[in-house]
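Let me begin by presenting the structure, written as structure tokens, before commenting on it.
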Amino acid sequence: MVTRVRGPVLTLEALRDGYAKSVAQGFALMESALDLASSHPSIALGLAELGQEEVGKSLSLLAAMALPADRDSAQWFWRSWRDHRLKAHRAFLYELFSPVRIEVHDPERGRLSGASMRAAIHHEKEAAFYVDFDGASGQFTAPGDSVTPLECTHRVVTLMYLGVTADRVRAALEATADLGSHKLFAEMAFRACTEELYQQQMPALLLEFSRRSPSHAELVGVLDRSLADGRQSIEGLVALHGDTAGMKDA
């Protein structure tokens, strides 16, 4: 049985506004998490997890621009909007746009590449912000009791590369708005959300888009240059925050 999700049919203008705001909020949470990673790792973890949900939310908004403004499309969008787990995991699809990933290497766990160290990723924000009660010990626990610097670093750097990539996609879209770029970028986002795509398929997909028309070729070129700028930004953030956020030690 399919559960019907209530929510209004959204205009293209509303979707574009929500998309830009979600990217901006995810980026702001990333910056705050980087600033707090050293002094308050539990709070930084929670902010980074929330930021990753915002980044994933932005991809859903971008993908929804490819759909007609009707009830079925609204159902697809609002279902993802209310699913915290889906939003956090959908953020990883930005890796399809740019093959950049920052991994944390731990002597005991090995390579950590974004998957949560807890049972579910949204549990990170619960552990980060709330005093809880441990029935086994009969004691109340503070966030700092269970959040380690490693867990914090892992989520913060994951948000960092995903957030920067999302921001560069947004910048490319805004720079080419007069060419109707939202249609191309939305199609790419929708396919990322609904098809089983892999990074190695993206060059062929982008080539397919660029061959549709000179305008499409220009859009793909702008996106490629914007993502290249993003890779430089990520390198700069690692250089700036690497020691304080624990990236170098991890």
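Computed quantities for the displayed model
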item: In the chain, lysine pairs with alpha-carbon atoms under 27 angstrom apart (chain gap of 8 or more, or interchain); result: 10
item: Alpha-carbon gyration tensor eigenvalues x 5, square-rooted, for region 54-188, Å; result: 34, 19, 11
item: Relative contact order, percent, region 1-103 [alpha-carbon distance under 8 Å, six or more residues apart]; result: 33
item: Coordinate range along principal axes, alpha carbons of region 153-229, Å, largest first; result: 43, 27, 19
item: Rounded if a/c under 1.5, otherwise prolate or oblate - region 75-131, Cα gyration tensor axes; result: oblate
item: Computed over region 101-250, the ratio Rg/Rh where both radii use C-alpha atoms and Rh is Kirkwood; result: 1.09
item: Simple label model, 7 Å out from Cα along Cβ direction - ARG191 to GLU103, nm; result: 2.7
item: Projected area averaged over orientations for region 8-52, convex hull of C-alpha atoms, nm²; result: 3.4
item: Proxy reagent accessibility, fewest Cβ within 10 Å first, across CYS193, CYS152; result: CYS193, CYS152
item: VAL9 paired with ALA136, simple spin-label distance in nm, labels 7 Å along Cα-to-beta-carbon; result: 5.2
item: Residues ASP17, ASP178, ASP167 arranged by fewest to most Cβ contacts within 10 Å; result: ASP178, ASP17, ASP167
item: Kyte-Doolittle at least 0.0, axis length at least 27 Å by Cα - qualifying DSSP helices, the chain; result: 12-36, 41-64, 149-175, 214-241
item: Unit Cα scatterers, Debye sum, region 1-96: log10 I(q)/I(0) for q = 0.18, 0.19, 0.22, 0.23 Å⁻¹; result: -0.81, -0.87, -1.06, -1.12
item: Calculated Rg and Dmax of the chain using C-alpha coordinates, Å; result: 18.9, 67
item: 5 Å binning of all Cα-Cα separations within region 139-185, expressed as whole percents from 0 upward; result: 4, 18, 15, 11, 11, 9, 9, 7, 7, 5, 2, 1
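Each reported figure results from applying straightforward, stated rules to the coordinates on display, with no laboratory input. The shown structure was predicted, so the numbers you read here are calculated from the model rather than taken from an experiment. All Cβ positions, even for glycine, are placed from backbone atoms using ideal geometry, and neighbour counts span all protein chains on display.
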